[in-house]
Every structure is written in C-alpha cells, then in structure tokens.
Amino acid sequence: MSSFRVDPYEKLWMLASGLILVLFLLAVAATAFYGFHLPGHETRIDPSRVASDPPFANPGVVERAPGRYDVYMRAQVWTFSPGEIKIPAGSTVTFYLTSADVQHGVLIERTNINAMILPGHVTKITGRFDKPGVYRFLCHEYCGAAHQIMFGTIVVEQRS
Ligand code: CUA
C-alpha cells in the first residue's frame, strides 16, 4: 500500500484556502439575508429612448424635500448629463443612473458611491454630502477612445 505524504505547511495552506472559501460563502449569505445591498438595480429602460423620453431626456437635479434631492443622470460617450451638480451641504442625494449607449460606471471621490451604469438598466444609489467642497466623479468602466475625459463635479455649497 502506498501512502500519500503531505507536508505540514502544505496542509496548513490547504486548510487556510478552505477556510477562506467558507468565509466568502458566509459573506455572500450575510449580504443576501441581512440587508446589505449592492448598488441597486431599480428598473429596466429602453436605451434607445433614454435621450428622448423623460426623465432622462432632461437629466438634472430635482428637490424632493428640504435637504433631499434626486439626480437623474444620463451617461453617454463621453459625458455625464448633468456634468455639474450643485447641492447644499448636508443633503441626501439619490442618483438614478442610466446609459444611452454603452456600459459606463461612476465613482464619486470621498464617498462610497461606486456603481455600474448599464444600457437598459436604471441604477439607484443614495449618498449624503455633509462637507462643503467639490467632489469629482468619473467613469471607471472603459467606454471607448475618450473614456479618460468622462467626468463631472458635484459642488456641495456651504449652507447660508
Ligand atoms: Cu464612460 Cu468610461
């Protein structure tokens, strides 16, 4: 009978790899059952009508209540509309994002907002802007020749 010898260090690494897999599985289960959400898929939309039908035909900022804003934003090679957003400090902003053409993404600096913008889908993501200042956002999904110039700014103004 032949025996199969495994080096103790190798055994340790095999055990560690197994444990990491179990950890990842638990993390997936936790996100599924305890209300952590990835940037939300809100609804579907016909990408060929994004530029002609409301609300994305007239993208912009809508005040829902004092300190609460909705932003309808359209991504299209190689711009974000609106490209500049102004809100007062302390605002909670819900972004509705979609693309009129190819796959884009958005990352807003100094926030945890980081989402995909996909043709045919509306992504909904909410963030709070407490500190006044200029927050740049950029496309982080390669979308063609001028991908690197696709960016915009959010100006968070001091409350008067
Ligand atoms: Cu849009 Cu990269």
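The values are calculated or read from the model by the stated rules, or taken from the named source; none is laboratory data. All figures in this text were calculated on a predicted structure; none of them were measured in a lab. Methodologically, a virtual Cβ is constructed for each residue, glycine included, from the backbone with ideal geometry; neighbour enumeration extends over all protein chains shown. We work out accessible area using only protein heavy atoms, side chains counted, and drop any ligands, DNA or RNA first. Shrake-Rupley method; radii C 1.70, N 1.55, O 1.52, S 1.80 Å.
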J(HN,Hα) series, segment 144-160, from Karplus relation 6.51 cos²θ - 1.76 cosθ + 1.60, nearest Hz, glycine and proline x:
x, 4, 10, 3, 6, 9, 8, 7, x, 9, 10, 9, 9, 8, 4, 5, 8
Theoretical ellipticity at 222 nm over the chain - DSSP helices of four or more residues, -39500 (n - 2.57) apiece, nearest 500:
-6000 deg cm²/dmol
At a Förster distance of 22 Å, what's the computed FRET efficiency of R5 paired with L25, Cβ-Cβ distance as r, to 0.05?
0.15
For segment 1-91, alpha-carbon Rg over 2.2 N^0.38 Å:
2.04
If packing is taken as the average count of other Cβ atoms within 10 Å, what order do 106-112, 89-95 fall into, highest mean first?
89-95, 106-112
Cα-only radius of gyration and Dmax that characterise the chain, units Å:
21.5, 84
Roughly how many Å² is the accessible area per residue of the chain, as a whole number, for a 1.4 Å probe?
65 Å²
For the chain, which whole percent of the accessible surface, found with a 1.4 angstrom probe, sits on carbon and sulfur atoms?
61 percent
Can you pull the percent of Cα pairs in segment 67-138 with separation above 13 Å?
63 percent
In segment 1-157, what percentage of the DSSP-assigned beta bridges are antiparallel, given to the nearest 5?
70 percent
At 7 Å along the Cα-to-beta-carbon direction for both L12 and Y34, put a label point, then send me their distance in nm to one decimal.
3.0 nm
Report, in debye and to the nearest 20, how large the dipole of the chain comes out about its Cα centre when Lys and Arg carry +1 and Asp and Glu carry -1 on their Cβ.
300 debye
